[in-house]
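To keep things clear, I will list the structure first and then write my remarks on it.
The values are calculated or read from the model by the stated rules, or taken from the named source; none is laboratory data. Keep in mind that this is a model prediction, so the values were computed, not measured. Cβ coordinates were reconstructed from backbone atoms using ideal geometry, including for glycine residues, and neighbour counts include every protein chain displayed. Heavy atoms of the whole protein, side chains included, go into the accessibility calculation; ligands, DNA and RNA do not. Shrake-Rupley method; radii C 1.70, N 1.55, O 1.52, S 1.80 Å.
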Amino acid sequence: EAGVVQSPRYKIIEKKQPVAFWCNPISGHNTLYWYLQNLGQGPELLIRYENEEAVDDSQLPKDRFSAERLKGVDSTLKIQPAELGDSAVYLCASSKGQLAVGDEQFFGPGTRLTVL
Amino acid sequence: QKEVEQDPGPLSVPEGAIVSLNCTYSNSAFQYFMWYRQYSRKGPELLMYTYSSGNKEDGRFTAQVDKSSKYISLFIRDSQPSDSATYLCAMSEGGTSYGKLTFGQGTILTVHP
């Protein structure tokens, strides 16, 4: 079974430029998560989707960050404009979404963003 | 103060040693407790999860939860060089917030031959 796919793996941009990250979850997984992981820190949830619906976006900085999950499968996370402090790893995860004990989240390898 | 505190280490042990990793937390609503392992340049992978207080064992790994002390532990027996990674604890309140994980900052572990 293929895992969570993310692209690109690495991205270097200059500040004030836009950037987008793409995620393809595991087939059949209804729930999709975007996390931010700063160096030396644990992941922090940015947004959670149940199918097409964003059910928790309370931690998403909406002034510059946006996300979408069209048709309840793939998802894109965008930053516009990027700031120096956005340099981090952006992780995508997916789960079956059963809201039951053992609903494991599977993580992709992440996109490492460097803002110069 | 962060909701979940984890000693970042780094921790270096010889092969075969018993490793103890710990987290403390402040949110008494946390009910689900997990340990993830993250290799360099990879995403985290779930090692173990426990519900409420108690112990859970899986091979060389044992997870303990003490809700009265708001303290969780992961023990690794007979540690191997392949166990070298960052270990992250994570917690959730459950219910509709089950998928909302709060992570510790991770402990870097190196097991040397």
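For every residue, the table says whether it meets (1) in a strand (DSSP E or B); (2) touching a residue at least 24 places away in the same chain (Cβ under 8 Å); (3) under 26 Å from A:LEU45 (Cα atoms); (4) touching an Asp or Glu at 6+ places or on another chain (Cβ under 6 Å).
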{"residue": "B:GLY9", "(1), (2), (3), (4)": "no, yes, yes, no"}
{"residue": "B:ALA17", "(1), (2), (3), (4)": "no, yes, no, no"}
{"residue": "B:CYS23", "(1), (2), (3), (4)": "yes, yes, yes, no"}
{"residue": "B:ALA29", "(1), (2), (3), (4)": "no, yes, yes, yes"}
{"residue": "B:TRP35", "(1), (2), (3), (4)": "yes, yes, yes, no"}
Legend entry - Qualifying residues in segment A:98-113 (those that are over 13 Å from B:LYS100 (Cα atoms) and modelled with pLDDT of 90 or more) - the one surrounded by the most Cβ atoms within 10 Å (Cβ to Cβ): A:GLY110
Inset, instruction - Could you please find all residues in segment B:28-53 being open to solvent by 30 Å² or more (accessible area, probe 1.4 Å) and more than 8 Å from chain A (Cβ to nearest Cβ)? - result: B:SER28, B:ALA29, B:GLN31, B:ARG37, B:TYR39, B:SER40, B:LEU47, B:SER52, B:SER53
Inset, instruction - Please work out which residue is nearest to A:GLN41 (Cα to Cα), limiting yourself to segment B:83-98 and to residues that are of a type in the set (Ser, Thr, Tyr) and open to solvent by 20 Å² or more (accessible area, probe 1.4 Å). - result: B:THR86
Inset, instruction - State yes or no: is A:GLN80 touching a residue at least 12 places away in the same chain (Cβ under 8 Å), within 11 Å of chain B (Cβ to nearest Cβ) and not hydroxyl-bearing (Ser, Thr, Tyr)? - result: no
Legend entry - Test: A:ARG48 is basic (Lys, Arg), without any contact (Cβ under 8 Å) to a residue 60 or more places away in the chain and either within 11 Å of chain B (Cβ to nearest Cβ) or at positive phi (or both): yes
